[in-house]
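K.L.:
Dumping the structure here so I can ask a few things about it.
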Amino acid sequence: MRFAVLQFPASNCDQDAVHALRDVLGQDAYYVWHKDTDLRAPDAVIVPGGFSYGDYLRAGAIARFSPVMQSVQQFAARGGLVLGICNGFQILCEAGLLPGALVRNRSLQFRCEHVFLKTATHDSPFTCKIPPGKLLRIPIAHGEGCYFADEDTLARLRANNQILWQYCDAGGNLTDAANPNGSLLNIAGICNERRNVAALMPHPERACESILGSTDGRLIFESMIAALESKLVESLGKRK
């Protein structure tokens, strides 16, 4: 499968994402610069972490106006899979592709540590290969990762099963102590109503090799690959 990994000025996780997808998972992964408008026919788009445009104004606020994001919005409108990671989550919210916003951590401090994630639903292309009951141990590295939304938006996320991952403790409990940034409902990641655009603050690309302390991040990318392969098989079947 072909994965387009976006690059903005001050992206710092784009290379990690390409390495995980290409060198670890054996997929076709390539960079797309923020000034480009041609995504080059990907099967999925990754909006990576970092500090796009130096986080001026607020995280993701400038990146969302990049020429490449117009193409990402069109790609998503056609049903293409888009995954935002950390700063990518912030950018997708700023661009209106996901609801809510990411604000300063409750502690007002940058948090860099491993956290546990509970998968709230397996009904998505981003979670379908995660074993039931499996907790993911994945690192975070952010200063503005506190997910915030109004009560109506939170109600819709719950009603539509759009909450994908939540911060939890080692026993799978959604406690306040296990919430590293103060996110409402312990939200670590969500998807849109169509379930083709998703994002999370933790970094799965940094948890794809045992030498990094965890391989749990692979399950998110493997879910995307499995969903894309299933879609391809379905498409080929309709052509016969």
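K.L.:
How many lysine pairs does the chain hold where the Cα atoms are under 19 Å apart and the two sit 8 or more places apart or on different chains?
P.N.:
4
K.L.:
Please give the charge dipole size of the range 171-240, origin at the Cα centre, charges +1 on K and R Cβ atoms and -1 on D and E Cβ atoms. Round to the nearest 20 debye.
P.N.:
Taking the Cα centre of the range 171-240 as origin, the dipole is about 500 debye.
K.L.:
Which label belongs to the value computed from this structure, given these candidates for Kirkwood radius over Cα pairs in Å: (1) 17.6; (2) 18.8; (3) 25.7?
P.N.:
Correct label is (1).
K.L.:
With +1 on each Lys and Arg Cβ and -1 on each Asp and Glu Cβ, how big is the dipole of the chain about its Cα centre, in debye rounded to the nearest 20?
P.N.:
500 debye
K.L.:
Which is the longest stretch in the chain that no exposed loop site breaks, taking sites as chymotrypsin sites (Phe, Trp or Tyr not before Pro) with a DSSP loop state and at most 14 other Cβ atoms within 10 Å?
P.N.:
It runs 111-240.
K.L.:
Then there's this: Counting other C-beta atoms within 10 Å, and keeping those with at most 16, which DSSP coil trypsin sites (Lys or Arg not before Pro) do you find in the range 134-224?
P.N.:
Lys134, Arg194
Rule-based calculations on the coordinates, nothing more; no lab input. Just so it is clear, the structure is predicted and the values come from calculations on it, not from any experiment. Neighbour counts run over all protein chains shown; Cβ positions are idealised from the backbone, glycine included.
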